[in-house]
Amino acid sequence: MNEVFVFTGTLDCFTRKQAQQLVFALGSRVQQSVTKETTYLVVGKQPVMLFECFVFSYLKRTDRVT
């Protein structure tokens with residue numbers, strides 16, 4: 001599996017470390033920030049304004065990458 005995960009925000013069901021261990025156990029990788037290699041962005045709870053700015057910025061960057 002060549003999936004690359006990035007976690008952001010607070011997760012409801014797992015700690016960040018538990019979620020990362022699960023990803024590793026399933027044969028995928030975890031990164032600390034979004035890059036063109038990122039295939040999954042797992043978004044937990046966080047302030048709405050921060051999230052909206054992040055998503056807008058991320059979508060603009062992915063348009064240039066693809």
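The values are calculated or read from the model by the stated rules, or taken from the named source; none is laboratory data. None of the values given here were measured: they were computed from a predicted structure. Every residue, glycine among them, receives a Cβ derived from its backbone with ideal geometry; neighbour counts consider all protein chains shown.
Couple of notes before you dig in:
- Among the residues of segment 42-56, none qualifies, meaning not one is in contact with a Lys or Arg (Cβ under 8 Å, 6 or more places away or on another chain), surrounded by 12 or more Cβ atoms within 10 Å (Cβ to Cβ), of a type in the set (G, A, S) and at pLDDT below 90.
- Beta carbons closer than 6 Å, at least 6 apart along the sequence or on distinct chains, pair a first residue in segment 1-14 that is farther than 15 Å from T39 by Cβ and in contact (Cβ under 8 Å) with a residue 12 or more places away in the chain with a second that is among the charged types (D, E, K, R) and loosely packed, with under 15 Cβ neighbours inside 10 Å for G9/K45; T10/K45.
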